[in-house]
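Here the structure is laid out as C-alpha cells; the discussion comes afterwards.
The values are calculated or read from the model by the stated rules, or taken from the named source; none is laboratory data. Being a predicted model, the structure only gives us computed values, none of them experimental. Cβ atoms come from the backbone with ideal geometry, glycine included; neighbour counts cover every protein chain shown.
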Amino acid sequence: MGKLTATIVKNLTVPGTYEDGDGLRLVVTVTGRKNWVLRFQLHGKRREMGLGGYPSLDLKKARAAAYENRIKVLNGNDPLAQRQAEQAAKKEAERREQAKQITFETLANDYRDAHGSSWSEKWRKGWLRKLELYAFPTIGKLSADDIETKQVIKTLQPIWSTKTRTADEVRGQIEQILDAAKSRGLRAGENPARWRGHLENLLSRHEKKKARKRAHHPALPWQELPELMQALREIPTAVSVAAQFLILTGARSHMVRFAEWDELDLETGRWSLPAARMKTREPFAIPLAPQVVELLKSLPRSRGRSPFLFTGNGRSGVMHANGVRSLLHDLGYEHITRHGFRSTFRDWAGETTAFPREICKLALAHDERGETESAYSRSDFFDKRRELMDAWAKYATSPPKPALTESEPGDDAPISK
C-alpha cells in the first residue's frame with residue numbers, strides 16, 4: 001500500500017514533494033497546483049516523468065499509470081522516450097494535415113506578397129506569370145509536403161531543352177517557395193528543387209551551361225568610362241547620381257532603384273543589402289568608396305516621406321525603371337545598357353589590376369566557389385573588395401584622357417627608340 005490516501009491528497013496545500021512509494025510522488029507547487037511525478041532508473045540513469053495533474057488524475061489513476069510505466073522499465077523500455085516519440089508523431093501528423101490544406105499556388109502568392117514589396121510591378125507580374133505557365137499546371141494544387149523530386153522533374157523536363165534559362169528560373173522559384181514553406185513548418189526533408197548535389201545529377205548540365213552563354217549586355221569599353229562619368233557629374237539630377245552610384249558600386253539596376261537609406265552606413269562606407277533584395281537570396285555587403293560616400297552626401301534626403309534614395313511619383317515610390325537608360329540615351333549612349341556597366345567593371349579589373357578573379361567575381365555578388373570550398377572559406381573578402389572598389393572609383397572619376405590627333409601615336413603605335 002502507498003503512503004498517501006485520497007483524503008490526504010485532497011487536503012494537501014503546503015508546497016512540497018510527497019512520496020507515495022515505488023517512485024510515485026505528488027508535487028504541490030506554491031500556487032497550489034498538484035502534479036504526479038514518477039521517478040525511475042533505467043540503464044544506470046535516474047529519470048523523472050510527469051503523469052498528470054490532480055484532480056483530473058486522482059490517486060487511484062496515478063498509481064495505475066505509475067504501475068504501467070514501471071512495467072515498461074522492467075522490460076527495458078524508456079516510457080518517457082516513448083511518450084516523447086508519440087507526441088512528436090502526433091505533432092508531425094497535425095503538421096502534415098495542416099500542410100495539406102495549403103497548396104503550392106497559395107504558397108507562391110504568399111512568397112510574392114512577403115518578398116515583393118521591393119520589386120517593381122512588372123517584375124512581380126513576371127515572377128508569378130512564369131509559375132502560372134510552367135509550374136502551376138503540374139504542382140499548383142499540391143501541398144508543399146507532397147512535392148517530391150519526380151514532380152519537380154515533371155515540371156521542368158518539358159522546357160529544359162527548349163527554354164533552359166526560363167526552366168532554371170522556375171526551378172529557383174520552386175526552391176525558394178519550398179524553403180519558405182519549410183520555415184513555416186509546412187514541409188520537412190530536403191528541398192527537391194535544389195540544383196547542387198541533386199537536380200544536377202538528373203537534368204542535363206550541358207543545357208544549363210549552354211543557356212548561360214547568352215548574349216552579353218552591350219557594355220561601354222572601360223577606356224571610355226571617365227568621359228561618361230565626367231558628363232554625368234555635370235548633370236545635377238538625382239537620376240545622374242543614380243547612374244554614377246550604379247557604375248561605382250557594380251550593383252544591379254533594381255538594387256540601386258530600391259536602395260534605402262537604412263541600408264547605408266556612410267561613416268564606415270558600407271551598403272548592407274538583405275537577402276530578400278539579392279538575386280542569390282543571400283545577404284550581401286558592398287563597400288562604398290570615398291567618392292561614392294561624397295556622392296551620396298550630396299543627394300538631398302526626403303525627410304519622413306520616403307525611405308528610398310531615389311524617389312519617384314509612381315506606385316512603387318522609386319524613380320522610373322527607365323530613368324537611367326533615358327539619361328544615357330540623352331547623352332548619346334544608346335548602344336550600352338545599365339547592366340553592361342558590370343561587364344565594363346569586370347573587363348577593367350581583369351585587364352588593369354592584379355586582383356584575383358574570385359575577388360572580382362565576388363565584387364559583383366557572383367560566388368562561383370563550389371559548395372565544399374565555400375564551406376571552408378566563409379569569408380566574403382570585404383576588405384579585399386574594398387581595395388578593389390576604391391581603385392575602380394579612383395579610375396572611373398579620373399579626368400578623361402584627351403583625344404589623340406592623327407599626328408600623335410596611339411596605344412598600339414610602335415614606340416620609336
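A few comments on the model shown:
- Filtered by the rule that a residue be over 21 Å from residue 164 (Cα atoms) and out of contact with any strand residue (DSSP E or B) (no Cβ under 6 Å at 6 or more places or on another chain), the stretch 125-142 gives a lone residue, 142.
- Residue selected from the stretch 83-129 under the condition exposed (fewer than 15 other Cβ atoms within 10 Å of the Cβ), touching a Ser or Thr at 6+ places or on another chain (Cβ under 8 Å) and in a helix (DSSP H, G or I), by the criterion modelled with the lowest pLDDT: 121
- Of all residues in the stretch 203-211, none satisfies being of a type in the set (Ser, Thr, Tyr) and at pLDDT 90 or above.
- Applying the set (1) under 22 Å from residue 385 (Cβ atoms); (2) touching a residue at least 12 places away in the same chain (Cβ under 8 Å) to residue 268 leaves exactly one unmet item: (2).
- Only a single item in (1) in a loop (DSSP other than H, G, I, E, B); (2) farther than 28 Å from residue 254 by Cα; (3) of a type in the set (A, V, I, L, M) is not met by residue 193, and it is number (2).
- Taken together, the residues in the stretch 18-40 that are in contact (Cβ under 8 Å) with a residue 12 or more places away in the chain and outside any loop (DSSP other than H, G, I, E, B) amount to 15.
- Of the set (1) in a loop (DSSP other than H, G, I, E, B); (2) of a type in the set (Val, Ile, Thr); (3) touching a helix residue (DSSP H, G or I) at 6+ places or on another chain (Cβ under 6 Å), all apply to residue 292 but (1).
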